[in-house]
Amino acid sequence: MPEYLRISGGKIYDPAHGIDGQTRDIHIADGVIVASPQPDAGARTIDARGMVIMPGGVDIHCHIASSTVNRARAMQGEEHATHVHPSRTVDGAPLRGGTGVLTPSTFTTGYRYAALGYTTALEAAVSPTGARQTHLELDDTPNLDAGFLLLAANHEHVIDLLDRGDERAAIAFIAEMLRRTGALGIKVVNPGGVAAWRRNPTHHVVESIDQPIATSAITPRRILELCASAAESLGLKHPPHVHCNRLGVPGNVSTTLDTLRALEGRRMHLTHLQFHSYGQTARGDFTSGAAELAAYLNHHPHVTADVGQVMFGQAFTLTGDTPLEHTLWKLTGKRYVSIESELEAGCGLMPIEYGDKTFLHSLQWAIGLELMLTAADPWRMLLSTDYPNGGSFLTYPAIIAQLMSKTLRDEQLAKAHPRAARRTGLANLTREMTLSDIAIITRAGPARALGLALKGHLGPGADADITIYHHRPEDPKAMFESPRYVIKAGRIIVEDGDLRAPVRGERLRAAIEPNEPGDRELRAWFDKRGSYDVSQFGEV
């Protein structure tokens, strides 16, 4: 590749700079977007007339690299042995080997994201002692700048420090774990609920954020407050990334709203919000709570969320919420794994299939779309499938098409369980998202929420991560399934649907200074409870 690349004649969608379909040229030098042409006789020009240009996609919440993901791969050996993806090629040959749909190999994951026009992704849940493996897996995942979130809210030592009233030591401990693991931010999963399960599996249910967890005076509210204080004092660019208590339970929208009010006025990110948006009928059945949640979020600009859209078909539940996964296993009887990691965090895994004739699955699909279509500010209600929990990231083009077309939504709603239409407001929503809206929820919004100043836009100084699509307003699914070009760090990595060359991605991590109190706490914890020496902890 030449050091200079010019993209000419395309319609640019760059919401961060208020550019909505204007025709402009883009100039790239040394992997960065620059303001003006550079003198270079050998430079390549891409003729993008009739095409749509957006920043590279940013997946704000996915599970692609961790010890948990590796266990999911092992549980799906038959899929890896048999699956060939016919629409993805390298130099004209189909990808084979390790190409299962739901939990593909590391390198296949990087290829598939690139083939959709995505260039950045955030692994959403990693235990502290699992961080080293995650770095190794991300090193083997091409074409993506990637980072991960550190599971901290149910760490036994964090809860013990809080129980002793030593918040300062707890924050120092979290800071040192973030620094040593190279994480981007803090992940909160079922705060207190996983620790309660660990301490007493027969009395673990958390019904309220003010309920003390087993054998402790600490409540979920207190853990939330600690994590928010840690993020603020450490200057983390991304706020606490919160998986609320009571995921998947009828009426859990009240718990979600309590969680929001607990951190009123403080920055937070709610993840896979669809799973936390359930109302409850007088008979105790599921109904949509999306309108109530959207109304709150519309008036609280300090909160961002990703939706965790469910799509019909095969999926794989993969979570740090071990009591939730145990409950799913009891309900379904499917093959299941539950693991406790070093008194730090848990993980649970189980395959699932979402059916459009199943009431709850139809309701989940409808609530996700309802949340995105009723959000007043698309910058704060972002696209995800909680991959692979709600489905593969390969379904993003189909989701985008449904957001852009009421006709497509109505067609799917007609096939879904009829009670789902009565329990949500989806049928009455006429909004159809624009290309600018799509650029926000898949690119500009996630980059802003993560604090990635060089991602999600096409202004001077931005990383030259760019996707160019054939403009196909009559078929947005096909448009977003197959970009004409994908450019990563100024290099063309996808052209005409073929992967030309992999690019090594950069690691996204928080800038944390060493702190002696945190180091002492971490060493003392490992000396007392760790299964290996603290010198082996974190990055390779």
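Data table
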{"read-out": "Helical mean residue ellipticity (222 nm; -39500 (n - 2.57) per DSSP H run of 4+; nearest 500) of the chain", "value": "-9500 deg cm²/dmol"}
{"read-out": "Angle in degrees between helix 106-115 and the longest Cα principal axis of the chain, rounded to the nearest 10", "value": "50 degrees"}
{"read-out": "Global form of region 427-477, assessed from the alpha-carbon gyration tensor, a/c cut-off 1.5", "value": "oblate"}
{"read-out": "For peptides 488-501, 115-128, 246-259, sequence by mean Cβ density within 10 Å, most packed first", "value": "115-128, 246-259, 488-501"}
{"read-out": "Fraction of accessible area attributable to carbon and sulfur, region 399-540 (%, probe 1.4 Å)", "value": "48 percent"}
{"read-out": "Region 323-390: relative contact order in percent, alpha carbon pairs under 8 Å with at least 6 residues between", "value": "17 percent"}
{"read-out": "Cα-based shape type of region 300-385, given that a ≥ b ≥ c are square roots of the gyration tensor eigenvalues and the cut on a/c is 1.5", "value": "oblate"}
{"read-out": "Relative packing of 296-305, 312-321, which averages over residues the other C-beta atoms within 10 Å, highest first", "value": "312-321, 296-305"}
{"read-out": "Principal-axis tilt of helix 322-332 within the chain, Cα atoms, nearest 10 degrees", "value": "80 degrees"}
{"read-out": "Förster radius 25 Å - calculated FRET efficiency between Leu408 and Val205, Cβ distance, rounded to 0.05", "value": "0.05"}
{"read-out": "Cα gyration tensor category, rounded, prolate or oblate, for region 398-536 with a/c compared to 1.5", "value": "oblate"}
{"read-out": "Crossing angle, helix 220-233 versus the chain [Cα axis fit, 0-90 degrees, rounded to tens]", "value": "50 degrees"}
{"read-out": "By average C-beta atoms within 10 angstrom, highest first, the peptides 287-293, 525-531", "value": "287-293, 525-531"}
{"read-out": "Average accessible area per residue (Å²) across the chain - probe 1.4 Å, nucleic acids and ligands excluded", "value": "36 Å²"}
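The values are calculated or read from the model by the stated rules, or taken from the named source; none is laboratory data. Everything numeric here is computed off the predicted structure, so don't read it as measured data. Ideal geometry is used to build each Cβ from the backbone, glycine not excepted, and the neighbour counts take in all protein chains shown. Surface areas here come from the heavy atoms of the whole protein model, side chains and all, with no ligands, DNA or RNA. Shrake-Rupley method; radii C 1.70, N 1.55, O 1.52, S 1.80 Å.
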